[in-house]
Amino acid sequence: MGREKDKDGIICVNRKARFNFTIEETFEAGLVLVGSEVKSLRAGKGNLVDSYGRIGKGEAFLFNAHISPYAAASGLNHEPTRSRKLLLHKREIQRLTGKVKERGLTLVPLKLYFKNGRVKVELALARGKKVHDKREVLRRKAAQREVERTLKSRR
C-alpha cells in the first residue's frame, strides 16, 4: 500500500550484473512503456536478471526485462519480456554505439526505478569478467566475512 504512494524509489536491482561484469560507465535512460506495465512496476513486479541493452538503427532497446502482467488489466495486458525502447539523447546513442563496437563492451541494466513519477533504467557500459576474476572476488568476500566474524567474537 505504501509502495503505491511512493513516487520515487527503486523497483528492482540486477545484482548479478556487478558480479558478472566490470562496470566502466553508467547512464540513465527512460523507458517506453504501456499503462499496464507501469502499474505492474508500481506494485514492484519487475526483474532485470538476464536482461541486456542493444543499439540498432540509431535506437536503443532493452531486451529480456521481465515485467509481470498486471492482474487488474484483464485482456489488455502486455507481453512480459517484450523488447522496450530506451529513451536516450542522439549523442548518447552515437557515443554508446562507438564504444560497444570498438571495445567489445556491452550494455547491462543495473536497476529500474521511479524518478519524478517516471520509470528510469540505469544502464552500464560493462566488460564481462573472466572466471578467475569472479573466483577472486568470492575469495575476498569470504576472507572479509571471516575477519568480521573473529572481530565480533572478540567483543
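The values are calculated or read from the model by the stated rules, or taken from the named source; none is laboratory data. Keep in mind it's a predicted model, so treat the numbers as computed, not measured. Note: ideal-geometry Cβ built from the backbone for every residue, glycine included; neighbour counts use all protein chains shown.
When the residues of region 64-110 are filtered to those that are among the acidic types (D, E) and modelled with pLDDT under 90, the one that is surrounded by the most Cβ atoms within 10 Å (Cβ to Cβ) is E79.
Of all residues in region 42-56, those satisfying the criterion of being assigned to a strand (DSSP E or B) and free of Cβ contacts under 8 Å to residues at least 60 places away in the same chain are N47, Y52, R54, I55, G56. Among the residues of region 135-148, is there at least one that is under 14 Å from I55 (Cβ atoms) and surrounded by fewer than 17 Cβ atoms within 10 Å (Cβ to Cβ)? Within region 135-148, none of the residues are under 14 Å from I55 (Cβ atoms) and surrounded by fewer than 17 Cβ atoms within 10 Å (Cβ to Cβ). For V38, the conditions (1) outside any loop (DSSP other than H, G, I, E, B); (2) in contact with a helix residue (DSSP H, G or I) (Cβ under 9 Å, 6 or more places away or on another chain); (3) hydrophobic (A, V, I, L, M, F, W, C) are fulfilled apart from (2). Looking at I10, I67, can you tell me which residue is over 21 Å from G128 (Cα atoms) and touching a helix residue (DSSP H, G or I) at 6+ places or on another chain (Cβ under 6 Å)? Of I10, I67, the one residue that is over 21 Å from G128 (Cα atoms) and touching a helix residue (DSSP H, G or I) at 6+ places or on another chain (Cβ under 6 Å) is I67.
Cβ separations smaller than 9 Å between residues 6+ apart or across chains give the following pairs from region 126-151 residues that are of a type in the set (V, I, T) to residues that are surrounded by 10 or more Cβ atoms within 10 Å (Cβ to Cβ) and assigned to a helix (DSSP H, G or I): V137/F19.
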